[in-house]
1. Report every pair of residues separated by at least 6 positions or lying on different chains whose Cβ atoms are under 8 Å apart, first residue within the range 298-315 and in the same structural domain as residue 273 (by TED's automatic domain parsing) and modelled with pLDDT under 95, second assigned to a loop (DSSP other than H, G, I, E, B) and surrounded by fewer than 22 Cβ atoms within 10 Å (Cβ to Cβ).
2. Could you grab me the full set of residues in the range 208-231 that are out of contact with any strand residue (DSSP E or B) (no Cβ under 7 Å at 6 or more places or on another chain) and over 28 Å from residue 179 (Cα atoms)?
3. Filter the range 213-234 down to the residues that are crowded, with 21+ Cβ neighbours inside 10 Å and part of a helix (DSSP H, G or I) and list them by number.
4. If you check 320, 274, which single one turns out to be outside any loop (DSSP other than H, G, I, E, B) and in contact (Cβ under 8 Å) with a residue 60 or more places away in the chain?
5. What about residue 90, is it modelled with pLDDT under 80, more than 29 Å from residue 340 (Cβ to Cβ) and in a loop (DSSP other than H, G, I, E, B)?
6. Hey, does the range 337-348 have a residue that's surrounded by 20 or more Cβ atoms within 10 Å (Cβ to Cβ) and touching a residue at least 40 places away in the same chain (Cβ under 8 Å)?
7. Given 245, 292, which one is at pLDDT 95 or above and within 19 Å of residue 159 (Cβ to Cβ)?
């Protein structure tokens with residue numbers, strides 16, 4: 001059995017911590033730690049910090065062993081994602097430390113276990129759903145140069161994340177931030193469909209799409225659109241096989257394309273729009289042939305979960321579209337719904353980190369909001 005390192009965090013959700021607080025300013029500072037399963041070589045995860053002014057992180061170790069936790073930054077102001085790096089545990093027993101942010105803290109314990117089940121370490125980014133416990137699913141993030149994102153210090157800015165299904169050969173979802181700055185550029189389209197280097201490095205199979213589409217009339221449909229990344233390297237990455245799904249031609253070129261264009265308009269009218277685009281393959285329409293080297297699940301529907309931040313105002317809306325040419329001429333607004341309704345449709349739990357920033361009650365209210373009222377203000 002392989003040896004794995006486990007970091008067990010006592011996750012302190014803001015709503016749980018401060019249910020009795022009435023004043024808005026008492027909701028922060030907030031320190032959110034994602035629990036993680038790391039290999040025996042150690043690894044990284046993300047701490048999310050929210051504060052109204054300057055803040056400082058510190059680490060207090062229990063026992064004699066120190067220095068095995070480091071952060072890429074130890075102080076700052078406002079909102080920040082901090083990369084936490086944990087060194088391998090080569091000792092004979094577990095070790096613990098407390099990560100502190102003013103009045104907030106997390107105790108983390110690192111130990112060695114045998115035969116542990118696969119879990120996923122996800123950062124505290126707002127666009128990400130809750131991870132599933134499924135050995136066929138793998139979480140990765142690309143940086144803006146098309147490689148694997150490791151940390152803000154080592155990889156610059158995150159580009160897009162994906163949840164790869166190694167059995168059905170599609171990403172369940174692709175998630176990414178979108179704003180005016182990220183939409184800058186006029187590169188156009190790389191238009192050469194290529195293997196994802198992350199999967200290639202890991203020798204994981206993926207559809208070969210360079211010489212053509214899936215066969216059977218299915219197009220190579222983007223999840224993060226090419227037009228959402230208009231710098232050369234970042235645009236190239238949108239043509240990776242992990243961003244593609246087999247999509248019906250009229251659906252792809254009409255109603256889905258119109259929704260994608262509207263999402264860009266939404267993003268330009270706010271500070272940041274957090275986007276999660278996905279495909280529903282719980283009951284696939286079918287599977288493609290092996291023209292691409294593997295048989296790929298054909299989604300029965302596609303969806304978008306959108307979280308809008310404009311200064312301190314937050315709102316969200318979802319779209320769920322059946323994968324059919326029969327709706328290609330329809331208005332995509334007919335398929336809008338609350339995030340709560342979209343979660344029931346898809347089985348996903350969107351915006352996993354929102355409650356830690358806004359509190360459980362406020363996050364729930366945003367996810368239940370009437371989509372027509374929400375969109376009228378976008």
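The values are calculated or read from the model by the stated rules, or taken from the named source; none is laboratory data. Keep in mind that what you see is a predicted model, and the values were worked out from it rather than measured. Note that each Cβ is placed from the backbone with ideal geometry, even for glycine, and that neighbours are counted across all protein chains shown.
1. Pairs that qualify, where the first residue is in the same structural domain as residue 273 (by TED's automatic domain parsing) and modelled with pLDDT under 95 and the partner is assigned to a loop (DSSP other than H, G, I, E, B) and surrounded by fewer than 22 Cβ atoms within 10 Å (Cβ to Cβ), are 311/271.
2. 208, 211, 212, 215, 216, 217
3. Correct list: 228, 234.
4. After applying the criteria, what remains is 274.
5. When the stated conditions are applied, residue 90 passes them.
6. yes
7. 245 is the lone residue from the list that is at pLDDT 95 or above and within 19 Å of residue 159 (Cβ to Cβ).
Let's see how each residue does on (1) in contact with a strand residue (DSSP E or B) (Cβ under 8 Å, 6 or more places away or on another chain); (2) under 23 Å from residue 137 (Cα atoms); (3) in a loop (DSSP other than H, G, I, E, B):
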residue	(1), (2), (3)
326	no, no, no
340	no, no, no
351	yes, yes, yes
356	yes, no, no
